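The block underneath contains the structure these notes are about, expressed in structure tokens.
The values are calculated or read from the model by the stated rules, or taken from the named source; none is laboratory data. Since this is a predicted model, take the numbers as computed values, not measurements. When we count neighbours, we look across all protein chains shown, and the Cβ atoms used for this are built from the backbone with ideal geometry, even at glycine. Note: areas computed on protein heavy atoms with side chains; ligands, DNA, RNA excluded. Shrake-Rupley method; radii C 1.70, N 1.55, O 1.52, S 1.80 Å.
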Amino acid sequence: MTDQIQTVYLNGKFMPIEQAYVPVLDRGFIFGDGVYEVIPVYSRRPFRLPEHLRRLQHSLDGIRLKNPHTDEVWADLFEQLIARNEGEDQYLYLHITRGVAKRDHAFPVNVPPTIFMMSSPLVTPPEALRATGVAAVSALDNRWLRCDIKAIALLPNVLLRQLAIDAGAAETLLLRDGFLTEGAASNIFVVANNTLLAPPKTHLMLPGITYDVILELAAAHGIPHQVREITEQEVRTAQELWQTSSTREVVPITTLDGKPVGNGKPGPLFHKMYALYQDYKRAVRAGGV
Ligand code: PMP
């Protein structure tokens, strides 16, 4: 940010972030009882808005919280928030909790949800990363069994990602019962036998919007790809590993647990996919997609 005051949205009002307060009895604070979304904004337009709103609905259904707005109202609120903030490219963060109530696990009755949104300038990974890639570590996926819900209760993800930070790495790859699920804050793709592999969307991973883009681009451009379970052995002997997310797009992972992935450099399929992703973004900006 420059010195412009960031404008956020809280429960029906736009305000400077310094004025946005939530009561301590908010169930988001007390229980982590809520869901969120992160939507990239290119040239001031939300990217894949229907898909993000569909995933939001899936998360809300998963925690049995009524969607407070129609898609049209959400779209209008996003437009207002984007207009009030800096940057042609932004990332919009939306957070809904089960509201403020006396501390009790049971759902409160007739309590309005807390709705919070902010939007910050979107900074995509620096170009140098494409030359070197990033390091990753691996860990057992010890999260719950509803990782398809974009829950604000991120303590397991925070602890898992910190393992990477402590090791000077960028991401932690998660393995459950001998299979790859995803990263602590991203989806993971594997290249083996010159084929792009992606774990299937199940309750064990977040259905990434970027994950969908990557698979669509692979299909559209004749890149051999398969969606199937990926073994730990396949991860450890991969030609290439990539991480994907809305803010990082696609980033090559060049070491895993201190050992080189493939030849230790970003691979040819990564470079191809990166170029396709940038072309696709240009088309999105031009309004052609
Ligand atoms: N998995 C997890 C656990 C995440 O937190 C994220 C987003 N940061 C993703 C996958 C990627 O999802 P998306 O492409 O929609 O950003």
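Has segment 85-104 got any residue that is away from the ligand (no atom under 16 Å from the Cβ), among the polar types (S, T, N, Q), in a loop (DSSP other than H, G, I, E, B) and in contact (Cβ under 8 Å) with a residue 40 or more places away in the chain? Taking every residue of segment 85-104 in turn, at least one turns out to be away from the ligand (no atom under 16 Å from the Cβ), among the polar types (S, T, N, Q), in a loop (DSSP other than H, G, I, E, B) and in contact (Cβ under 8 Å) with a residue 40 or more places away in the chain.
Residue-wise test of (1) in a strand (DSSP E or B); (2) farther than 23 Å from Arg48 by Cα.
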| position | (1), (2) |
| --- | --- |
| Val111 | no, yes |
| Met117 | yes, no |
| Ala153 | no, yes |
| Arg161 | no, yes |
| Pro200 | no, no |
| Leu206 | no, no |
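Selection of first residues in segment 138-157 that are assigned by TED's automatic domain parsing to the domain that holds Phe179 and under 16 Å from His95 (Cα atoms) and of second residues that are charged (D, E, K, R) and within 12 Å of the ligand (Cβ to nearest atom), restricted to Cβ pairs under 7 Å at least 6 apart or on distinct chains, gives the following pairs, ordered by first then second residue: Lys150/Glu37; Lys150/Arg55.
Condition first: within 16 Å of the ligand (Cβ to nearest atom), part of a loop (DSSP other than H, G, I, E, B) and of a type in the set (D, E, K, R). Now tell me which residues in segment 208-232 satisfy that.
Selection gives nothing.
Counting residues in segment 96-114 that are aliphatic (A, V, I, L, M), assigned by TED's automatic domain parsing to the domain that holds Ala20 and either closer than 24 Å to Tyr277 by Cβ or modelled with pLDDT under 95 (or both) gives zero.
Residues that are out of contact with any helix residue (DSSP H, G or I) (no Cβ under 9 Å at 6 or more places or on another chain) and loosely packed, with under 14 Cβ neighbours inside 10 Å were ranked within segment 59-78; the one that is nearest to Thr124 (Cα to Cα) is Asp76. Checked against (1) away from the ligand (no atom under 11 Å from the Cβ); (2) over 18 Å from Ala238 (Cβ atoms), Ala198 passes all but a single condition, namely (2). If the condition is being assigned to a strand (DSSP E or B) and open to solvent by 60 Å² or more (accessible area, probe 1.4 Å), then segment 16-58 contributes only Arg45.
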